[in-house]
Structures are given as C-alpha cells and as structure tokens.
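Shown next, in structure tokens, is the structure this report addresses.
Only the coordinates and a few stated rules stand behind these numbers; no lab work does. Given the structure is predicted, the values throughout are model-derived calculations rather than measurements. Every residue, glycine as well, gets a Cβ built from its backbone with ideal geometry; the counts of neighbours run over all protein chains shown.
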Amino acid sequence: MPDFTDCPQILREFLAYHDTIKGQSQMTIQEYYLDLRLFFRFMWMVKHEMPYSTNLDELSIKAVDLNFIRSISTTDIYDFLSFLANNRPRDPDGASNDKGIGSAARARKLSAIKSFYKYLTVRTKQLDTNPVQDFEYPKLRKSLPRYLTLEQSRALLNAVDGPNKERDYAILMIFLNCGIRRSELVGLNLTDISEDRIRVVGKGNKERIVFMGSACRRAIDAYLPIREKMVLTDNKALFGSRDKNRISVTAVHRLVKKHLLAAGLDASTLSAHKLRHTAATLMLSNGVDVKTVQEVLGHEHLNTTEVYTHIENTELRIAAEANPLSKFESE
C-alpha cells in the first residue's frame, strides 16, 4: 500500500485497516484516500476561518488528530456536502468553470466519511459519538445508461490513429468486447491474457474470467510486439504509458475522449464507462441472457444488470408493433 505521506497518522491507520484487515482493493483504498483528504482539507479551512476561495490542494492536513476530528460537528459536515454540491469544481483539471459535483459523487464521498467515523466509533472506539450516523445519502436520479450504437462503435474503432494506435485500439476493443471497468483494465497484467480469455480482478478483489472474441484477441496480438519492446517501472502491466509507468485511470479517460472526438461523437456525454454500457447493451440486444451478462460485467446483484434490459428490449418493440394504432396514418 502507498505511504500516503501527505495524510495525518489517523487517516493512514484507517487506510491500512481497510487494506490489511478488510482486504479491500487498492482502487477502493485510493478513493477513500482522495475523498477523506478533501474532507479534512475543507474542515481545516473552516476551522481556521479561511476564505472559501482558498486553494484546498495547497492545504496541509498532517496536523489533523483525534482532537481535531472530535471538534467536527454535524453542521460542519453539512457545510462540506453543501460545498460539494455548489462550490466544488466539476473538472479536477480546472478546464471547466462548472461548479458543484453530482449526487453520485457526493454520495461516494459521504460513504467514505461514514466508513471513517464507523471505524473510529465501532471498530477502534476512539470516539464516543458518530456525527454522521443518521445522514441520508443524496437522492440519485435514475436514468438509463448512455451507450454507443453498433454503427458508432465501429466508427470509434475506425477512427483510432496516432503513435499509440495499437495500444489504444486494443484498449477500446477490450472495453467494447468484454465490458470491463476502467480500473479493471488499468490493473491488467500480461499474464492475465490467455488464449481466448482475460483474468479480471474486480471490485472487492473478486476475480472473474471474461472471454473475448476473435477481433479482440487480434487487437491484443497486434499490440503485444510493441509492448514487449517497452520497459516499464511495473513490467507486469499489460498497458503502459509514455512515462514508462502502468497506464493510469486518467490516461485511459483521456485517450477514450480523444478517439471519441476523432470519430465525431459527443465526448461530453460519452466516456470509458459508457463503452462498458455499450458492451452490455450489444450483448443483450443480440440474444445474450441477462444472467450471463451479469457474470461478464462482474455485477454482484442481478438488478444492477437489468437496467440494460430497458434499453434494447425486443419484446417491448414487438408489443409496440402489436398495437393496432402502430401503423395508423392520418387521412
């Protein structure tokens, strides 16, 4: 596990607990780290009466200790959630002036805070009261997943070009063919590719085998000779970057956006995760049953997968055509 040297000791102990005792994935621990670091930076700003325009990224939180955490009230936490909803920039790179992050992102940060306080009150009994115990999660708007049509998927693949053409094409093909998560793709090692299947480590360090089609296998085979010439800091990694490291989640996000734009698609509403949606939708619309798609995607609960059945449902199309007025023409 990384040292997280910019964190106070009490936060490092929490992260170590989730790594060694809970056995959670490095991606989950990284998310806890980022969310709680932001939370403590905001609280440091508030407790020291700094202006809201303060650059939180420049604040040190190493001095945060149990007494400081004990001083955080329920009202302070509500202020933090309000800050996220109204003031926090949506674009972490600062390229956009939009303010306020969405309800799903706020819910994730609240989940991290709840987990932290549960650790302090229940697991280690360092605190007697939990100020966030009765907090309700932000209401999430239920919407159908966005996805690419078959024609758009072909256009995306045909648009791939540039110095990393073989790598990027293989990445897009894995997303569209296998429907794996972005974090799962980043974690792929060379030894995870075997004949017609990929070993994937998903949420909660759960392993699953995902089979790939012949076109996906060809894309990987075209990339492997290039990969064999690369020397990376983590030489087990399947996909590397130009800085000689394992490719990052951010780099994958950017390359997907780049090729979406090149294909003439709306990169503002589409992303790597939407390619996962696309894979699921294409499978279901071509006769794969929902239970199989659940296993491919690595969903723990079937109802998570069933959302895709509302996108391409042949029976619903038949029902619509069966309506006597479906072919009505005005006189």
At 1.002 mPa s and 20 °C, plugging the Kirkwood radius over alpha-carbon pairs of the stretch 142-225 into Stokes-Einstein gives what diffusion coefficient in µm²/s?
156 µm²/s
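Hey, got the dipole for the chain? About the Cα centre, +1 on K and R Cβ, -1 on D and E Cβ, debye to the nearest 20?
460 debye
Length gain on complete extension for the stretch Lys244 to His273, per 0.36 nm per residue less the alpha carbon to alpha carbon distance?
8.0 nm
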Would you mind estimating how fast the stretch 195-275 diffuses translationally, via Stokes-Einstein at 20 °C and 1.002 mPa s with the Kirkwood radius over Cα pairs, in µm²/s?
145 µm²/s
Between Rg and the Kirkwood Rh of the chain, both from Cα atoms, what is the Rg to Rh ratio?
1.01
Amide H neighbours of Gly202 at under 5 Å, excluding residues fewer than 5 places away on the same chain, with H built from the backbone geometry, are Glu207, Arg208
For the chain, set up a Gaussian network in which alpha carbons nearer than 10 Å are linked by springs, and say which option among Thr305, Thr54, Thr281 fluctuates the most.
Thr54
Glu49 versus Ser111, label points 7 Å from Cα toward the beta carbon: distance in nm?
3.8 nm
Give the separation of the Cα centroids, the stretch 239-289 to the stretch 171-207, in Å.
13 Å
Give me the distance in nm between label points sitting 7 Å out from Cα along the Cα-to-Cβ direction at His301 and Lys206, one decimal.
1.2 nm
So between Phe135 and Ala262, what do we pick up on full extension, going 0.36 nm a residue minus the alpha carbon distance?
41.3 nm
Among Leu120, Ile209, Phe239 the positive-end extreme of the charge dipole of the stretch 110-258 (Cβ point charges)
Leu120
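Quick check for me: using +1 on Lys/Arg Cβ and -1 on Asp/Glu Cβ, what's the dipole size of the stretch 172-244 about its Cα centre, in debye to the nearest 20? Walk me through the numbers before you get to the answer.
Working: 14 positive and 9 negative charges, 39 e Å.
Value, rounded to 20: 180 debye.
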Just from its helices, what would the mean residue ellipticity at 222 nm be for the chain, if runs of 4 or more DSSP H residues each count -39500 (n - 2.57) and the sum is divided by every residue, rounded to the nearest 500 deg cm²/dmol?
-15000 deg cm²/dmol
Relative to the longest principal axis of the C-alpha atoms of the chain, give the angle of the C-alpha long axis of helix 249-262, reported between 0 and 90° and rounded to the nearest 10°.
40 degrees
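So what is the relative contact order for the chain, in percent, with contacts set as C-alpha pairs under 8 Å and at least six apart?
14 percent
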Label points 7 Å out from Cα along the Cβ direction at Arg218 and Arg199: separation in nm?
2.8 nm
Write down the Kirkwood hydrodynamic radius of the stretch 100-195, to one decimal in angstroms, obtained as one divided by the mean of 1/r over all alpha carbon pairs.
17.7 Å
Lysine pairs with alpha-carbon atoms under 23 Å apart, the stretch 161-271, spacing 8 or more or separate chains:
11
